[in-house]
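The values are calculated or read from the model by the stated rules, or taken from the named source; none is laboratory data. Keep in mind the model is a prediction, meaning the values are calculated, not measured. Positions of Cβ are backbone-derived with ideal geometry, glycine not excepted, and every protein chain shown enters the neighbour counts. The protein model used for the area step is the full one, side chains on, heavy atoms only, and it has no ligands, DNA or RNA in it. Shrake-Rupley method; radii C 1.70, N 1.55, O 1.52, S 1.80 Å.
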Amino acid sequence: VTEVTDGACADQPVHGWQADRRLAIASTFKFYVLAELIHQIERGQATWRERYQIQDEYRSMPSGDLAYAPTGTRVTLPAIAAAMIGESDNTATDHLIARLGRTNVEAAFARAGHAAPQINMPLLLTRELFAIKMRQPERWMTAYVGASDEVQRVMLADEIDPMRLDPYGDWGNWDGPTQIDGIEWFASADEVCDVVAGLYAKSRQPELAP
């Protein structure tokens, strides 16, 4: 619990408990994806007028209605971003990461004040996290967690990305918390405060308000 002034979180919070401890943050990582979109809008690398096609390779599991959108459906970037944040739409998230570039979103963590961005590299798409926990055995997940970033990227590209998910289907082997210390997205409460405060400050600029 903290005050936000001039787009920054106060040095001394009103109240906190282990606020510097990095834990799995699940869909909260989508704030960093949004931060990269704003960065690219500012730099002219993306525009609010763009439409992006729904592709099967980025179709994820619910939540979110875009999981059920027909292939080829064209959706504006503001609509994708709004679905990602407003509904925690996972398919929207993965399409936005694809449009912005995975390594660019990885870089957004540091720009937003994350002090250890490397722990989120390689950045998982939501569909990759689902595919791993729904379909891969424990030994595969253990090997993935212990591998270097370079090897992890190869494992994702060769073994996970070819999988196609069925949002109408079941959840496979995933029936509870699984590898949440290694296969997730990570930040502290302090770091989350920084990215949210930064986004709020950007929203005060008319050209970024959408």
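Going through (1) farther than 20 Å from Ala201 by Cβ; (2) in a helix (DSSP H, G or I) one by one, Ser60 falls short only on (2). In region 165-174, the count of residues that are farther than 12 Å from Met134 by Cβ and over 19 Å from the mean Cα position of the chain (by Cα) is one or more. Filter region 1-43 down to the residues that are of a type in the set (Ser, Thr, Tyr) and either in contact (Cβ under 8 Å) with a residue 24 or more places away in the chain or in a helix (DSSP H, G or I) (or both), then identify the one that is farthest from Pro117 (Cα to Cα). Per the criteria, the residue is Thr2.
Each residue in region 96-112 was checked for being open to solvent by 50 Å² or more (accessible area, probe 1.4 Å) and not in a helix (DSSP H, G or I), and 0 of them qualify. The single residue among Glu138, Glu128 that is open to solvent by less than 10 Å² (accessible area, probe 1.4 Å), among the acidic types (Asp, Glu) and under 15 Å from Thr178 (Cβ atoms) turns out to be Glu128.
Scanning region 59-91 for residues that are touching a residue at least 60 places away in the same chain (Cβ under 8 Å) and either among the acidic types (Asp, Glu) or open to solvent by 50 Å² or more (accessible area, probe 1.4 Å) (or both) gives a single hit, Tyr68.
Remark: Leu66 matches the filter, which requires a residue to be modelled with pLDDT of 95 or more, of a type outside the set (Gly, Ala, Ser) and assigned to a helix (DSSP H, G or I).
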